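First the structure, in the form of structure tokens, and then the observations on it.
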Amino acid sequence: MKKTYLIIIAFLAGFAQTASAQCSDKTIKRLCKEGLGSYIFESAAFKPLSAFGAKKNLVEAAFSVYSQENYRVINLCQGFSDNLEFAVYDTDHNLLFSNKTDKSVKFYDFVAQKSGDFTIEFKVPPADAKAGNSCVAFAIGYK
């Protein structure tokens, strides 16, 4: 069974030490279990929005996938005034998915067409970016 190797660009550094209550390990584990369904948990990452400094309106992370494997990416962000817009891009930065038209969609299932690093982006509303008390989080599962 192939596993993804999660690569988070400046995302995981110190996330456990700076996590707020809504970014707790226990909360993320519960949300992962609920959101993954029949997918096998691979990785999760979470960090308070306040830890992102000046680039708070757009938060990016990368994760690796293997060709022809089934994946589920779950948006686990919490504490925002509305559901966040998130998008998933392939290795060539082609848009694969966006919940822009329906922000209530919290996950994306796909079969990777080729191996490589994919990107997930979260767009944070300006009002929430200023507050900074929210949690940016996501998880990856595979079949």
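Eigenvalues of the alpha-carbon gyration tensor of segment 79-132, scaled by 5 and square-rooted, set the equivalent ellipsoid semi-axes at 25, 12, 8 angstrom, largest first.
Full extension of the segment from Phe41 to Asp92, taken as 0.36 nm per residue of separation minus the current Cα-Cα distance, would add 15.8 nm.
Size descriptors for segment 31-136: radius of gyration and Dmax over Cα atoms are 13.8, 41 Å.
Taking packing as the residue-averaged number of other Cβ atoms within 10 angstrom, the listed peptides 30-43, 92-105, 73-86 run from highest to lowest as 73-86, 30-43, 92-105.
Note on Asp25 and Ser50: the extension gain reaches 7.2 nm, defined as 0.36 nm multiplied by sequence separation minus the Cα-Cα distance.
The numbers here are math on the coordinates, done by the rules we state, and not lab data. Remember, predicted model here, so these are calculated numbers, not experimental data. Note that we place each Cβ from the backbone using ideal geometry, even for glycine, and neighbour counts take in every protein chain shown.
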